[in-house]
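Visitor: First the structure, which I've put down as C-alpha cells, then a few questions once you've had a look.
All of the numbers you see were taken from the coordinates with simple rules; none came from a lab. Here the structure is a predicted model, which is why all the values come from computation and not from measurement. When we count neighbours, we look across all protein chains shown, and the Cβ atoms used for this are built from the backbone with ideal geometry, even at glycine.
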Amino acid sequence: MKNIFEPLVKMMSLMVGLLASITLLTALLIGLVVFLFNGGSLPSINQSSDMTIAVVETQPIYRGVVPKEGMWKAPEWSTVDQEPNADDIRYGRELIANTSAYLGPNGSVRKISNGMNCQNCHLNAGTAPLGNNYSAVASTYPKIRGRSGQMEDIPKRINDCFERSLNGKALDRNSPEMIAMVAYMEWLGKDVIQGETPQGVGLYEIPFLDRAADPIKGKSVYAQHCQSCHMEDGNGMMKPDKSGYTYPPLWGDNSYNHGAGLYRMSRFAGYVKTNMPLGATFERPMLTDEESWDVAAYVNSMPRPAKDLSKDWPDISKKPIDHPFGPFSDEFSEEQHKFGPFKPIKAARETQATK
Ligand code: HEC
Ligand code: HEC
C-alpha cells in the first residue's frame with residue numbers, strides 16, 4: 001500500500017509547494033505595483049547610503065504670494081442638505097457658475113447679460129481664496145459704498161456686476177434668481193463673524209510698481225501667456241452650442257464695460273497675479289508683479305463697451321487711486337490715474353488726509 005501512494009503524495013506536495021510560491025510571488029508583485037502607483041518610491045542605490053539628506057531635499061518650497069495659513073475655506077458643499085432653503089442655495093450656485101445659460105443672450109430664464117458667467121471672475125462659484133470669492137458678502141453688507149454714495153444691500157451689489165461686469169441689465173430683486181443668489185452668498189459666509197473679512201477675501205492687493213504700467217510690454221505678455229485661450233482679438237472662445245464661453249472675452253463687445261471693477265488696473269492686475277494663466281493660484285502664481293500690471297495695461301487699453309458713469313462717485317475724493325475718469329480731488333492726470341505710477345498719488349492723498 002505504502003509503495004503505491006508514495007510517489008503520488010510526493011508529487012502532490014511538490015505541486016502544492018509550487019502553487020504556494022507562485023501565489024506569494026504574484027501577491028508581492030501586485031503589492032509593489034500598487035505601492036509605486038500610489039506615489040511610493042523605492043530608494044535608489046546611491047540614495048540609500050544617505051537617506052536623511054534625500055528626505056530634506058524633497059521638502060516642497062512654498063512660493064506663494066501670501067501665507068496660506070488661516071486662509072478662508074468655503075463650508076463643505078455636502079452640508080447644504082441640512083439647510084431649510086437648500087434648493088435656493090443650490091440654484092444660486094448654479095446661476096453663479098452658469099449665468100449665461102439662464103440669463104445670457106440665449107438665456108432660458110431671461111436675456112439680460114453678455115454671455116459671461118459670474119464664475120469667470122468669481123472663480124469656483126465664488127469660493128477660491130484670492131479668486132474674487134464671496135466670503136465677506138454676508139458679513140459686510142448692507143454697507144455704504146463710495147461708488148454709488150448709497151447704502152447697498154446684497155441685491156444692489158449683485159446688480160452692479162450685472163450692469164457693469166456683465167454689461168447687462170439689473171435683475172428684479174424679488175425674482176427667484178436674485179433670491180437664490182443671495183441665499184447662496186449668505187450660506188457661503190455663514191461662519192464669518194459680522195463685520196469681519198476673512199483672510200483671502202476678494203482679490204489680491206498687488207504692490208504698486210515704481211513706474212507706470214506699460215501696455216506695450218503688456219502686449220508681449222499677452223501674446224506669450226494669454227492669447228492661446230482668450231485669442232489674439234481678445235474675444236475669447238464661444239462654446240459650440242452658443243450657451244456661453246469656454247474662454248471668456250477680455251475686450252470687445254461681449255466683455256465687461258469700463259464701469260466694471262476689472263477696468264481698474266489694480267483689480268485686474270491683482271486678479272491675474274493669483275489666478276491667470278488658468279491654473280495659477282495664490283500658492284503658485286505664474287506671472288511677476290510687473291507682468292501682471294503690464295498685461296492689465298494692455299487689456300484695459302483695448303476697446304470695450306462704455307457706460308454712463310456720471311452718477312458714480314458723488315464725492316470725488318472717494319474715487320480710488322486707479323479710477324481712470326476725472327474730475328479728481330487731486331492734481332494728477334487721468335492718464336496717471338489709469339496707468340500709474342500710483343505711489344505719488346497715494347502719498348499725496350495721505351498728506352491731504354493728515355492736513
Ligand atoms: C468681469 C469680471 C466679473 C464678473 C463677470 C462678475 N463680477 Fe462681481 N466683482 C468683480 C470685481 C472686480 C469685484 C470687486 C472686487 C474688489 O474690488 O475686491 C466684484 C465684486 C462683487 C461683489 C461684492 C463682493 C464683496 O466682497 O464686496 C458681489 C456680491 C459680486 N461681485 C457679485 C457678482 C455676481 C452675482 C456676478 C454675476 C451676475 C458677478 N459678480 C460677475 C468682477 C466681476
Ligand atoms: C489655458 C487657458 C487660459 C489662459 C492661458 C489664460 N486664461 Fe484667463 N481665463 C481662462 C478661463 C477658462 C477663464 C474663466 C474661468 C472660469 O470661468 O472658471 C478665464 C478668465 C479670465 C478673466 C476674467 C473673465 C474675463 O473674461 O474678463 C481674466 C481677466 C483673464 N482670464 C485674464 C487672463 C490673462 C491676462 C491671461 C494671461 C496672463 C490669461 N487670462 C490666460 C482661461 C485662460
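Visitor: Can you figure out the FRET efficiency of S329 with S148, using R₀ = 25 Å and their beta-carbon distance, to the nearest 0.05?
Guide: According to the calculation, E is roughly 0.90.
Visitor: Then there is this: Pick out, from M178, Y62, N133, the residue whose Cα sits farthest towards the positive end of the charge dipole of the chain, with +1 on the Cβ of Lys and Arg and -1 on the Cβ of Asp and Glu.
Guide: M178
Visitor: Still on this model: Sort 141-147, 88-94 for me by packing, meaning the mean count of neighbouring Cβ atoms within 10 Å per residue, highest on top.
Guide: 88-94, 141-147
Visitor: Under 12 Å from the Cβ of L262, count the other residues' Cβ atoms, weight Lys and Arg +1, Asp and Glu -1, and hand me the total. All intermediate terms of the calculation are to be shown ahead of the outcome.
Guide: Numbers: positive: R164, R264, R267, R304; negative: D322.
Here the count lands on +3.
Visitor: Oh, and also: Using helices alone, what [θ] at 222 nm do you get for the chain, with -39,500 (n - 2.57) per DSSP H run of 4 or more residues, divided over all residues and rounded to the nearest 500? Before the final figure, lay out the partial values.
Guide: On the way: 15 runs with 150 residues, N = 355.
Counting only the DSSP helices, I get -12500 deg cm²/dmol.
Visitor: Let me ask another. Going toward the positive end of the dipole of the stretch 204-355, with +1 on Lys and Arg Cβ and -1 on Asp and Glu Cβ, which of H225, A353, I321 do you reach last?
Guide: So the residue furthest toward the plus end is A353.
Visitor: Right, another one. Just how large is the dipole of the chain about the Cα centre, in debye to the nearest 20, putting +1 at every Lys and Arg Cβ and -1 at every Asp and Glu Cβ? Display every interim value, and only then the final one.
Guide: Numbers: 37 positive and 40 negative charges, 56 e Å.
The calculation lands at about 260 debye.
Visitor: OK, next. Rounded to two decimals, what ratio of Rg to Rh does the chain give with C-alpha atoms and a Kirkwood Rh?
Guide: Numbers: Rg = 28.8 Å, Rh = 24.0 Å.
Rg/Rh for the chain comes to 1.20.
Visitor: Calculate, for S220 and L29, the FRET efficiency according to 1/(1 + (r/R0)^6) with r their C-beta to C-beta distance and R0 56 Å; round to the nearest 0.05.
Guide: Result of the calculation: an efficiency of 0.60.
Visitor: What Rg and what Dmax come out for the stretch 84-188 when only alpha-carbon atoms are used, in angstroms?
Guide: Cα only, the stretch 84-188: 12.8, 35 Å (Rg, Dmax).
Visitor: Which aspartates and glutamates does K73 reach when only Cα atoms under 13 Å apart count, and residues fewer than 8 places away in its own chain are ignored?
Guide: Within reach: D191.
Visitor: Find the relative contact order for the stretch 84-188 and round it to a whole percent, using C-alpha pairs within less than 8 Å whose residues are 6+ positions apart. List each step's numbers first, then the result.
Guide: Working: 161 pairs, mean separation 32.8, N = 105.
After rounding, I find 31 percent.
Visitor: While we're here: Is any residue of the stretch 190-226 close enough, with backbone N under 19 Å, to a label point placed 7 angstrom from the Cα of E350 along the Cα-Cβ axis, and if so, which?
Guide: Taking a point 7 Å out along Cα→Cβ of E350, the residues of the stretch 190-226 whose backbone N falls under 19 Å are 205-212.
Visitor: Once whole DSSP H runs in the chain are found, which of them have Cα atoms spread over 20 Å or more along the helix axis and a mean Kyte-Doolittle score of at least -0.5?
Guide: Details: long enough: 2-37 (52 Å, 1.83).
In the chain, the long hydrophobic H runs are 2-37.
Visitor: 5 Å is the cut-off here: which amide hydrogens, built 1.01 Å from N in the peptide plane, fall below it relative to G252, excluding neighbours closer than 5 in sequence?
Guide: Counting only residues 5 or more places away or on other chains, the set is R304.
Visitor: How big is the dipole moment of the stretch 84-188 about its Cα centre under a simple scheme where the beta carbon of each Lys and Arg is +1, that of each Asp and Glu is -1, and everything else is neutral? Debye, nearest 20, please. Could you put the intermediate results ahead of the total?
Guide: Values: 12 positive and 10 negative charges, 64 e Å.
Roughly 300 debye for the stretch 84-188.
Visitor: Among K219/K307; K319/K343; K307/K338, which pairs are too far apart, with a Cα-Cα distance over 21 Å?
Guide: K219/K307
Visitor: For a 24 Å ceiling on Cα separation, which of these pairs sit above it: K111/K242; K68/K156; K68/K190?
Guide: Violating the 24 Å Cα-Cα cut-off are K68/K156.
Visitor: What order do you get for 275-283, 15-23 when each peptide is scored by the mean count of other beta carbon atoms within 10 Å, highest first? Mind showing how you got there, number by number?
Guide: On the way: 275-283: 16.1, 15-23: 10.0.
Descending mean neighbour count gives 275-283, 15-23.
Visitor: All other residues with a Cβ under 10 Å from the Cβ of L287 taken together, and with Lys, Arg as +1 and Asp, Glu as -1, what is their net charge? All intermediate terms of the calculation are to be shown ahead of the outcome.
Guide: Numbers: positive: K273; negative: D289, E290, E291, D294.
Here the charged neighbours net out to -3.
Visitor: Quick one: compute the contact order of the chain, relative version, from alpha carbon pairs under 8 angstrom and 6+ residues apart, as a percent. Write down the numbers at each step before the final one.
Guide: Numbers: 555 pairs, mean separation 60.0, N = 355.
For the chain, the relative contact order is 17 percent.
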